[in-house]
Amino acid sequence: MLKIYHFHPGIFRKVVLSQIIFYFILEDFVFYWGHRILHTKWLYKHVHSVHHEYATPFGLTSEYAHPAEILFLGFATIIGPAITGPHLITLWLWMVLRVLETVEAHCGYHFPWSLSNFLPVYGGADFHDYHHRLLYTKSGNYSSTFVYMDWIFGTDKGYRKLKALKCDRVEDDGKQT
């Protein structure tokens, strides 16, 4: 028999929002470690190198990976919903947001509406482009959405140095004119 649930829309929105935030944080944590493991010598050579065939990624490359990697890192995406047992609408919203985020991170463009312009902890395209520019195991920037894991473990040091150099260059260019 079909169950019909009656709920208050305001409470439903709060539950959906809290679950989506939880999913993003948990996914980022699990993805960071899984992605970092994929950059070990053997797994990079036999699995993750497929995803890194494109040094300059574009949107579709976000989903281009070895089948083992899709299963391995896909776990990061499904663990949150598996824990909470969300409403179907919440699950669909989560999957859409997750795909949009990963396509945006791989698109190669820093859009004016990118969340990285508004949330300092959001990685975005610049953050992930750096990861694809450096091949093999020393690239850093292993997080999927946020930058806090890379910051905590120092795996974004090269990226932060490059970003600081670019900022200094822009400041120097502005002073010369």
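Scan segment 140-148 and tell me whether some residue there is in contact with a Ser or Thr (Cβ under 8 Å, 6 or more places away or on another chain) and in contact (Cβ under 8 Å) with a residue 60 or more places away in the chain.
Yes; the residues of segment 140-148 include at least one that is in contact with a Ser or Thr (Cβ under 8 Å, 6 or more places away or on another chain) and in contact (Cβ under 8 Å) with a residue 60 or more places away in the chain.
Name, by its number, the condition in (1) more than 21 Å from G108 (Cβ to Cβ); (2) modelled with pLDDT of 90 or more that does not hold for I11.
Answer for I11: the failing condition is (2).
Would you confirm whether any residue within segment 42-57 is closer than 30 Å to V16 by Cα, out of contact with any Gly (no Cβ under 7 Å at 6 or more places or on another chain) and either hydroxyl-bearing (S, T, Y) or in contact (Cβ under 8 Å) with a residue 40 or more places away in the chain (or both)?
no
The rows are residues; the columns are (1) surrounded by 20 or more Cβ atoms within 10 Å (Cβ to Cβ); (2) not aromatic (F, W, Y).
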{"position": "H110", "(1), (2)": "no, yes"}
{"position": "W113", "(1), (2)": "no, no"}
{"position": "S116", "(1), (2)": "no, yes"}
{"position": "G124", "(1), (2)": "yes, yes"}
{"position": "D129", "(1), (2)": "yes, yes"}
{"position": "G140", "(1), (2)": "yes, yes"}
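Here is a list of conditions, (1) surrounded by 20 or more Cβ atoms within 10 Å (Cβ to Cβ); (2) touching a residue at least 60 places away in the same chain (Cβ under 8 Å), and R133 meets all of them except one; can you say which number that is?
(1)
Are there helices (runs of 4 or more DSSP H) fully within segment 121-177 with at least 3 residues that are over 24 Å from F31 (Cα atoms) and at pLDDT below 85? List them.
On the way: elements: 124-133, 148-153, 157-176.
Hits in segment 121-177: 157-176.
The values are calculated or read from the model by the stated rules, or taken from the named source; none is laboratory data. The model shown is predicted, which means the values in this text are computed figures rather than measured ones. Counting neighbours? That spans all protein chains shown, and the Cβs are built from the backbone with ideal geometry, glycine included.
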